[in-house]
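The values are calculated or read from the model by the stated rules, or taken from the named source; none is laboratory data. Fair warning: this is a prediction, and the values are worked out from it, not measured in the lab. Quick reminder, even Gly has a Cβ in these numbers, built from the backbone with ideal geometry, and neighbours come from all protein chains shown. The protein model used for the area step is the full one, side chains on, heavy atoms only, and it has no ligands, DNA or RNA in it. Shrake-Rupley method; radii C 1.70, N 1.55, O 1.52, S 1.80 Å.
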Amino acid sequence: MDIENLQIQIKTFFGLEAVLAEEIKKLGGKNVEIKNRAVNCEGDLGFLYKINYSARTALKILVPILDFKAYNETKFYEKLFKFEWDQYMDVDQTFAIDSTVNSERFSHSQFMTFKMKDAIVDYFQNKYGKRPNIETKSPEIKIHLHIDRELVTISLDSSGDALFKRGYRKEQGEAPINEVLASGMLQLAGWDGKGNFLDPMCGSGTILIEAAMIAMDLPAQIFRRRFAFQNWNNYDSDLFQTIKDVRIARIKEFHGKIVGYDIDGRMLDAADINVQSAEMEEVIDIRRQDFFESKKELFPLLMVFNPPYDERISINDDDFYKKIGDTFKTNYPNTLAWMISSDLEAVKKVGLRPSRKIKLFNGKLETRFLQYEMYEGTKKLHKLEKPE
């Protein structure tokens with residue numbers, strides 16, 4: 001592995017590619033290229049450590065180590081059996097394989113995963129007389145197999161556990177939002193820690209915590225204990241410690257307010273536990289408050305929230321979204337509000353025309369991330385209420 005010029009692929013969610021690309025550029029990535037649900041770039045080993053530790057919208061970070069074409073299972077096995085696996089792992093290390101297969105030739109992804117596993121263990125058995133063990137839950141080495149028609153790409157997974165697992169979430173509600181998606185929404189909404197922030201339906205508090213991490217410039221993985229690259233034979237612990245030290249030195253104080261409302265006592269308890277786990281008690285204020293009975297208290301204010309989805313939580317959609325719109329118009333003048341929803345018909349009941357619509361996915365649910373701009377004065381409100 002050329003540690004000075006690594007080819008790197010960073011996975012993300014649909015709709016967050018441009019946000020991730022901007023993050024990678026700011027972190028020093030070279031030749032940044034946007035792909036579908038991914039960003040490709042180049043950097044050295046220190047950069048690989050840095051993006052694992054800091055990138056907020058990355059799901060996992062892969063380093064390709066082998067590309068080839070295979071037209072049948074035999075050629076696939078032979079190519080992998082001849083590859084020098086001991087450059088990247090030791091016979092005593094455990095490993096696991098993730099696979100993504102999009103090919104008519106190789107239609108069964110699990111079978112191809114087994115073939116690859118056989119090639120790796122046979123390589124070590126042939127060379128050392130020993131076989132490395134498979135460990136699916138917490139392997140020391142994670143390998144990613146990607147087959148697109150006949151093109152095979154083998155990558156090392158430098159992250160290990162997916163990077164949305166920040167380490168602070170101890171409790172979750174009925175409809176939790178993924179940490180990477182929450183951070184991506186905040187960045188799409190323009191949250192930079194200047195001003196004040198409100199999540200009026202905060203649930204277990206993920207959006208609030210991600211907002212606070214951005215506001216304080218906390219590295220995304222400050223609570224994470226282990227990355228897969230720490231098991232690589234070229235791991236440089238001093239370099240990684242230096243990168244963490246430099247990054248932590250950039251943490252700053254936040255002088256605004258980050259507030260979360262909810263009416264569900266269980267959710268408030270869960271949010272409290274998560275906020276304490278993230279050591280954010282002095283930064284985040286969580287209150288039992290019905291958004292529909294609230295009034296704007298913070299100036300200036302950005303609002304981002306994930307209202308309950310009918311797919312997971314039973315609500316009367318039309319009435320619920322109408323109340324959101326009425327509260328926007330009556331109680332939150334001069335406010336920029338963003339919300340994510342999968343109910344594309346019910347959001348029309350808000351009664352305001354969104355000034356931006358961004359297609360995202362919350363899990364498997366196709367959603368829209370909608371921006372609403374509330375201005376004082378009936379003329380501007382009337383203009384926003386015009387039908388599309």
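Some observations on this one:
- With distances taken between every two different alpha-carbon atoms, region 1-108 has a Kirkwood hydrodynamic radius of 15.7 Å.
- Over the chain, relative contact order from alpha-carbon pairs under 8 Å, at least 6 apart, %: 14
- Considering region 225-293 at the alpha-carbon level, its Rg and Dmax are found to be 18.5, 58 Å.
- Distance between the modelled labels on residue 253 and residue 14, one decimal in nanometres: 4.5 nm (7 Å Cα→Cβ projection).
- Segment residue 82-residue 69, extension gain: residue separation times 0.36 nm, minus the distance between their alpha carbons: 3.2 nm
- Solvent accessible area, Å² - residue 272, 1.4 Å probe, full protein context: 70
- Of 244, 50, 79, the one that fluctuates the most in a GNM where the chain has Cα springs shorter than 10 Å: 79
- Taking the C-alpha atoms only, the angle from helix 317-331 to the longest principal axis of the chain is near 60 degrees.
- Here Rg and Dmax of the Cα atoms in Å was computed from the coordinates, and among [x] 21.2, 64; [y] 23.5, 80; [z] 22.8, 88 the match is [y].
- With a Förster radius of 45 Å applied to the beta-carbon distance between residue 149 and residue 225, the computed FRET efficiency rounds to 0.70.
- Between the helical axis of 109-128 and the longest alpha-carbon principal axis of the chain there is an angle of about 40 degrees.
- Other residues lying with their Cβ under 14 Å from the Cβ of residue 21 contribute a combined charge of +2, Lys and Arg counting +1, Asp and Glu -1.
- Angle in degrees between helix 265-277 and the longest Cα principal axis of the chain, rounded to the nearest 10: 50
- With DNA, RNA and ligands ignored, accessible area of residue 323 (1.4 Å probe; Å², nearest 10): 90
- Counted by Cβ distance under 12 Å from residue 102, the other residues give a net charge of -1, where Lys and Arg count +1 and Asp and Glu count -1.
- Here the simple spin-label model places points 7 Å from the Cα toward Cβ, and for residue 162 and residue 4 these points are separated by 3.7 nm.
- Per-residue [θ]222 nm for the chain (sum of -39500 (n - 2.57) over DSSP H runs n ≥ 4, rounded to 500): -9500 deg cm²/dmol
- In order through region 203-219: 3J(HN,Hα) via Karplus (6.51 cos²θ - 1.76 cosθ + 1.60), integer Hz, x for Gly, Pro: x, 8, x, 4, 4, 4, 5, 5, 5, 5, 5, 5, 4, 8, 6, 6, x
- Cut-off 18 Å (backbone N to label point 7 Å along Cα→Cβ of residue 26), residues of region 234-251: 244, 246-251
- Förster-model FRET efficiency, 45 Å R0, residue 269 and residue 131, C-beta, rounded to 0.05: 0.40
- Relative contact order %, region 166-227, counting alpha carbon pairs below 8 Å whose residues are six or more apart: 46
- Region 233-334 shape via C-alpha gyration tensor axes, a/c threshold 1.5: prolate
- Fluctuation leader among 76, 229, 47 - the chain, Gaussian network, Cα springs under 10 angstrom: 76
- Carbon-plus-sulfur accessible fraction, the chain (probe radius 1.4 Å, protein heavy atoms only): 45%.
- Region 211-299, relative contact order [Cα under 8 Å, separation at least 6], %: 32
- When the chain is treated as a GNM with alpha-carbon contacts under 10 Å, the residue of 80, 208, 181 showing the greatest mean-square fluctuation is 80.
- Probe 1.4 Å, accessible area per residue of the chain, Å²: 48
- Cα centroid of region 113-180 to Cα centroid of region 94-112, whole Å: 12
- Taken as Cα centroids, region 215-276 and region 15-60 sit 18 Å apart, rounded to the nearest whole angstrom.
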